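Derivation of every value follows stated rules applied to the coordinates shown; laboratory data play no part. It should be emphasised that the depicted structure is a prediction, and the values quoted were computed from it without experimental measurement. A quick note on method: Cβ atoms are made from the backbone with ideal geometry, for glycine too, and the neighbour counts reach across all protein chains shown.
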């Protein structure tokens, strides 16, 4: 497997609290992505990055922000968690139009 | 924005039967990728198709990319219990965004 590590792997948080998920890669891939996976919705893109400090929104970006201060780390922040953000979050990386490599996922529960 | 539709959402087969999942994009794609996700796992890359009309095979799996580069299919011949999982197509655009279909969950009855 590619060197992509997501942390934490599981988290339970309360509504209204900020939450940060981390994705760390050792592949030196330029592109990094955050997806959420929910039953019946497949994988939906939240944000992606095409370089250090270069990010763009995906289809479900409301309520989320991202930062990428170095190539290997891509952070996803929920500014004020809501129950609708309970989901499994996947980070992925790629080198251009080639295959994407996924992390193991983070299961987030907002209560 | 780009949308990728995938059907069927679910497919249950008897072991040994064939299986096909279809993917359609609202826009012309630069490439299409296919992924498999086992229950409880993460998506794993299977293949990428780039050329119009391209057909690729991996053992019992056959992948096709339509002539207009807007549709694709994955066909599995003689399914096995190890084929169980969710199969996703993902459309690649010019900005390196990967847009995933909702996936097809395949279950196989031994």
In nm, to one decimal, how far is the residue B:84 label point from the residue B:50 one, both placed 7 Å along Cα→Cβ? 3.7 nm
What is the mean number of Cβ atoms from other protein chains located within 10 Å of the Cβ atom of each residue in peptide B:79-88, rounded to a whole number? 1
What translational diffusion coefficient, in µm²/s and rounded to a whole number, does the Stokes-Einstein relation yield for the stretch B:6-110 at 20 °C and a viscosity of 1.002 mPa s, taking the hydrodynamic radius as the Kirkwood radius over Cα pairs? 157 µm²/s
The answer for the per residue Cα convex hull volume of the protein assembly as shown, in Å³, is 112 Å³
Between residue A:53 and residue B:12, what is the label-to-label distance in nm when each label sits 7 Å out along the Cα-to-Cβ direction? 5.5 nm
If R0 is 41 Å, what FRET efficiency do you get for residue A:26 and residue B:2 from their C-beta distance, rounded to 0.05? 0.85
Calculate the tail of P(r) for chain A: the fraction of all Cα-Cα distances greater than 20 Å, expressed in %. 32 percent
What's the exposure ranking of B:75, A:47, A:10, going from fewest to most Cβ atoms within 10 Å? A:10, B:75, A:47
Place a label point 7 angstrom from the Cα of residue A:104 along the Cα-to-Cβ direction, then list the residues of the stretch A:79-97 whose backbone nitrogen is under 19 Å away. A:87-93
Footprinting exposure proxy for A:46, B:7, B:32 (fewest neighbouring C-beta atoms within 10 Å first): B:7, A:46, B:32
Neighbour-count ranking [beta-carbon atoms within 10 angstrom, fewest first] of B:10, B:22: B:10, B:22
